[in-house]
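Working notes, beginning with the structure itself.
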Amino acid sequence: MGVEPASIDAVFITHEHSDHCSGLPALLGRNPGLKVYANAETAHRIGYTQKISPIWRKFQTGGAFEYHGLTVTPFPIPHDAADPVGYAFDCPGEAGASARRVTWMTDLGHVTPVAREQAEAADILVLESNYDDEMLDLSKRPAHLKQRIRGRHGHLSNLAALDLLRSIKAERLSHLCLGHLSKECNRTVIVDGLMAEVRSARPDLRVTVFDPLEEAPADLS
Ligand SMILES: [Zn+2]
Ligand SMILES: [Zn+2]
């Protein structure tokens, strides 16, 4: 994405699955001083599987902490990992502007009351829209994997993400980013189509769908 590894001060890890941490050894190789935020169980598992011992900054899930003027709140999400989290980052308003909250919420099998509350309180929300039901059905993935993805501790489908968006007030929301699309079982055009309803209900809302087949979405690069 055109960012110098050495210029990154810290990364915030959600859970130990390889699609969320396999880049850490390379990143640490280029930036040994990188701070790595994670809860104890996640840090332990990643340290073991990735064979790394970075400067861990360990936190308790559910407890807020400060990071360079931001208040960071890791919150629990239902996913088949040790202690998976989403993050809310509260950014203080500058020059009279009001404070804003960026919320990161991917890898959740269903929407819990905590997840709903976090989605409702976001100004900028990164939400998982992982798979299209039919594409998952037709995919060559083994039955147990399909079941895992669909399970209560798997991933949010496009329809589940849409359901959540339909059911919350989200009055503060100004930018919705849909991400963690499955390369095999989803397409941005499908997610875009489903989001037409959200767009027409909230014409002022900016909606970005992250394409997993592209290196970076055009309007964020
Ligand atoms: Zn995961
Ligand atoms: Zn994932």
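The values are calculated or read from the model by the stated rules, or taken from the named source; none is laboratory data. In this text, all values refer to a predicted model and were calculated from it rather than measured experimentally. Here the Cβ positions follow ideal geometry from the backbone for every residue, glycine too, while neighbour counts run over all protein chains shown.
Assorted remarks:
- Residue match in segment 30-49 (condition: buried (at least 19 other Cβ atoms within 10 Å of the Cβ), under 24 Å from Ser129 (Cα atoms) and under 19 Å from the mean Cα position of the chain (by Cα)): yes
- Residues (of a type in the set (S, T, N, Q) and surrounded by 19 or more Cβ atoms within 10 Å (Cβ to Cβ)) located in segment 76-118: Thr103, Thr106, Gln118
- You will find that of Ala119, Ala170, the residue that is of a type outside the set (D, E, K, R) and either in contact with an Asp or Glu (Cβ under 9 Å, 6 or more places away or on another chain) or outside any helix (DSSP H, G or I) (or both) is Ala170 and no other.
- The residues listed here are His144, His180, His175, His153; of these, the one that is modelled with pLDDT of 95 or more and either among the aromatic types (Phe, Trp, Tyr) or touching a His at 6+ places or on another chain (Cβ under 6 Å) (or both) is His153.
- Qualifying residue in segment 19-40 (condition: under 29 Å from His155 (Cα atoms), within 16 Å of ligand 2 (Cβ to nearest atom) and among the acidic types (Asp, Glu)): yes
- Between Gly154, Gly86, Gly109, the distinction of being within 16 Å of ligand 1 (Cβ to nearest atom) and outside any loop (DSSP other than H, G, I, E, B) belongs to Gly86 only.
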